[in-house]
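The next block holds one structure in the form of structure tokens; read it before the comments.
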Amino acid sequence: MSLEEQIDSAWERRAELNAAEIASLKPALEAVLDSLESGERRVAEPDGQGGWRLHQWLKKAVLLYFRANGNRVMDAAPAPYFDKVPLRFEGFDETRFRELGARAVPGAVVRRGVHKIAVYRDEAGALHEMSARCTHLGCAVRWNVQDASRISSNSPS
């Protein structure tokens, strides 16, 4: 059975899954998160015709991950987190950040399974989190601090 078939089957039976079935599903869910985190797969991607294609089975896998995992305390500064999804950069050192080509600035909190993400805090202090992919060109974006608009970029800066 393919990974997609496993996820779809589990999703159809999600209300009836017992502890043993959930435990046996975890490797498939971890494989999905690994593929999302590496950028190999995307829940939504441009369809080549100006729109977007949604891979429902990947969305279902993320939702099943929440069901299959309980909240746990995750050490972080200035305060710990209590969540079901491990932090993306848990255990990272300088070498791993450099290999990934990522920057993590103060206050950055990224869950496991995220490949590229853009975060912006507006003047009122509200945090906005979204895909770092431009919906028009598919390139990575970064925020322009001067006018809070997005600027297309292919660099990790």
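The values are calculated or read from the model by the stated rules, or taken from the named source; none is laboratory data. Just so we're clear, the structure is a prediction, and the values are computed from it rather than from any experiment. Don't worry about glycine lacking a Cβ; one is built from the backbone with ideal geometry, like all the others, and counts go over all protein chains shown.
Of note:
- Qualifying residue in the stretch 49-62 (condition: under 18 Å from the mean Cα position of the chain (by Cα) and of a type in the set (S, T, N, Q)): yes
- Just one of (1) modelled with pLDDT of 80 or more; (2) outside any strand (DSSP E or B) fails for ASP147. It is (1).
- Residue in the stretch 46-54 that is in a loop (DSSP other than H, G, I, E, B) and in contact with a strand residue (DSSP E or B) (Cβ under 8 Å, 6 or more places away or on another chain) present: yes
- Filter pass, ARG121 being modelled with pLDDT under 85, touching a strand residue (DSSP E or B) at 6+ places or on another chain (Cβ under 6 Å) and surrounded by 12 or more Cβ atoms within 10 Å (Cβ to Cβ): yes
- Residue list for the stretch 26-45, restricted to those being in a helix (DSSP H, G or I), touching a Lys or Arg at 6+ places or on another chain (Cβ under 7 Å) and acidic (Asp, Glu): GLU37
- Conditions (1) under 24 Å from ARG14 (Cα atoms); (2) free of Cβ contacts under 8 Å to residues at least 12 places away in the same chain; (3) in a helix (DSSP H, G or I); number of the one not met by PHE82: (3)
- Selection over the stretch 23-52 of residues that are loosely packed, with under 14 Cβ neighbours inside 10 Å, more than 20 Å from PHE66 (Cα to Cα) and out of contact with any His (no Cβ under 8 Å at 6 or more places or on another chain) gives a count of 7.
- Filter result for PHE66 (closer than 28 Å to ARG103 by Cβ and surrounded by 11 or more Cβ atoms within 10 Å (Cβ to Cβ)): yes
- Selection from the stretch 75-101 of residues that are under 26 Å from ALA61 (Cβ atoms), surrounded by 13 or more Cβ atoms within 10 Å (Cβ to Cβ) and either modelled with pLDDT of 85 or more or not aliphatic (A, V, I, L, M) (or both): TYR81, ASP83, LYS84, PRO86, ARG88, PHE89, PHE92
- ARG67 of a type in the set (Lys, Arg), at pLDDT 90 or above and in contact with a Leu (Cβ under 9 Å, 6 or more places away or on another chain): yes
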